[in-house]
1. Among the residues of segment 343-375, count how many are under 18 Å from Ile435 (Cβ atoms) and in contact with a helix residue (DSSP H, G or I) (Cβ under 8 Å, 6 or more places away or on another chain).
2. Looking at (1) at pLDDT below 90; (2) over 24 Å from the mean Cα position of the chain (by Cα); (3) among the hydrophobic types (A, V, I, L, M, F, W, C), which is the only condition Val257 fails?
3. Could you pull out the residue among His439, His416 that is within 27 Å of Glu360 (Cβ to Cβ), of a type outside the set (Lys, Arg) and buried (at least 16 other Cβ atoms within 10 Å of the Cβ)?
4. I'd like the full set of residues that are surrounded by fewer than 16 Cβ atoms within 10 Å (Cβ to Cβ) and at pLDDT below 90, limited to segment 296-318.
5. What pairs come out if I take residues in segment 127-143 that are over 15 Å from Leu174 (Cα atoms) and without any contact (Cβ under 8 Å) to a residue 60 or more places away in the chain and pair them with residues that are part of a helix (DSSP H, G or I) and open to solvent by 50 Å² or more (accessible area, probe 1.4 Å) whose C-beta lies under 9 Å away, six or more apart or interchain?
6. Residues in segment 378-397 that are surrounded by 14 or more Cβ atoms within 10 Å (Cβ to Cβ) and in contact (Cβ under 8 Å) with a residue 40 or more places away in the chain: how many?
7. Go through segment 111-186 and tell me which helices (runs of 4 or more DSSP H), entirely inside it, have 3 or more residues that are within 31 Å of the chain's Cα centre (by Cα).
8. Take Tyr427 and tell me if it is assigned to a strand (DSSP E or B) and over 30 Å from Gly215 (Cβ atoms).
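The values are calculated or read from the model by the stated rules, or taken from the named source; none is laboratory data. None of the values given here were measured: they were computed from a predicted structure. Ideal geometry is used to build each Cβ from the backbone, glycine not excepted, and the neighbour counts take in all protein chains shown. What goes into the accessible areas is simple: the full protein's heavy atoms, side chains included, and nothing from ligands, DNA or RNA. Shrake-Rupley method; radii C 1.70, N 1.55, O 1.52, S 1.80 Å.
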Amino acid sequence: MSQPIVALVGRPNVGKSTLFNRLVGRRIAVVDDRPGTTRDRLQAPCEWSGVTFTVVDTGGIEVLPEKVAAGIRPGPERPLAEDSSAFIPLIRAQAELAIAEADVVIFLTDAITGLTPADKEVADILRRSQKPVFLAPNKAESPRVREAAVEFYELGLGEIHPISALHGQGVADLLDRVVEALPSWEVEPEDESVKIAIVGRPNVGKSSLLNRLLGEERAIVSPVPGTTRDAIDTRMEWDGTPVTLIDTAGIRRRGKVQPGVERYSVLRALRAIQRADVALLMVDATEGVTAQDAHVASFILDEWCGVVVLVNKWDAIEKDTYTMLEYTQHVRQTLKFLDYVPVLFISALTGQRVNRVIPEALAVHQARHDRIPTGELNRLIREAAARHAPPSKRGKRLKIYYVSQPGVAPPTFVFHVNDPQLVHFSYERYLENRIREAHPFTGTPLRLIFRPRRKNDR
């Protein structure tokens, strides 16, 4: 049995993401004081009193979507985050799915605002779920607010647990009760899944690809750029191989990132790349490879991550016999520093070639762990040096004494030389290309390190 799940639900802007971050011990969920900031489900492990469980953060349940459809929006003092009103039905669907999967639900309300008709509607949803529910009026920092919170007994959900997610008041007592209600579970082994991040600039179809791969509506999909705010982890299995798919927010160029929510979303996308084994770099076939795409690619390379380029929306392109070849050349020319990565032409909308995405990513992951025997590696480099003599500077020529591969993921090669300062970038690239001729290391960057030879070096 997997870890039990605790879902945090409630109407928008009651502090679910703040409580989520406190429970998991780090700032994962984007927190903003505008309703509608959290749109997708986020999940992370939490440990309390020796018990580990998964906490799921959700978008707020908006129980009156028909008012939004009629153009009735919150007042100017509490506007929805950007254009989040368009996502309210989807946010509600995501929250209801989280409730269905949960073992225990923490229902957050706003103790300062008091009981609202929306809280009553959410309570009705929770009663239908027949799950253990812990009602937690949030923002109850002062004694006066905590005393006023007794009005929430009207919801008929049993005992209330006034808390302050921001300051931590009452959270420990709440967790004590939650842990008591959790079912027993077996300890899962350490996560050894292959982590694959889906990255790219906004609105290239990342969430659509995730849903197509999973065969379910795991993430909200919308044609509006910027829909996905947080990096979302989803486990799956592909031909017996455990895989974790990470959907991320679109990454803009640094100068175009807006302050606030979008900035934090981009930071989390970059952190997703840091922990990924392979990044699926998605580009829009209808727009071609742009400077922004190259910018995102540079982030991937900074983390020495494996890469597969996915040209999405291929169904929207008029094609002839040579279209794919010409487009591949366009990708190679625009992303010259990624000439070693596979390029797939897909359509997340129709499913065209989507079945090849995970196998290609797994092949790149395998390449990240390939090794070249030391003897073969040194013969290879000696032949390369004989074919193209190392450079010299002010009469002093570079000498390569010995090469080893001490690490993988990424494949790392250490060159013991007489003077690392003599290594020109062009010659380093030449050596990398010679290595790839013998061992392609498809889709993975190679790290070449040049060190001065010590006396005890061979």
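1. Residues flagged as under 18 Å from Ile435 (Cβ atoms) and in contact with a helix residue (DSSP H, G or I) (Cβ under 8 Å, 6 or more places away or on another chain) within segment 343-375 amount to 1.
2. Failing condition for Val257: (2).
3. On the way: His416 fails: within 27 Å of Glu360 (Cβ to Cβ).
Testing whether each residue is within 27 Å of Glu360 (Cβ to Cβ), of a type outside the set (Lys, Arg) and buried (at least 16 other Cβ atoms within 10 Å of the Cβ) leaves just His439.
4. Matches in segment 296-318: Ser298, Asp302.
5. Here the result reads Ser129/Glu96; Ser129/Ala100; Lys131/Ala100, each pair linking segment 127-143 to a residue that is part of a helix (DSSP H, G or I) and open to solvent by 50 Å² or more (accessible area, probe 1.4 Å).
6. Adding up the residues that qualify gives 3.
7. Working: elements: 117-129, 143-148, 171-181.
Helices (runs of 4 or more DSSP H) meeting the threshold: 117-129, 171-181.
8. On the way: assigned to a strand (DSSP E or B): no; over 30 Å from Gly215 (Cβ atoms): yes.
For Tyr427, the condition - assigned to a strand (DSSP E or B) and over 30 Å from Gly215 (Cβ atoms) - is not met.
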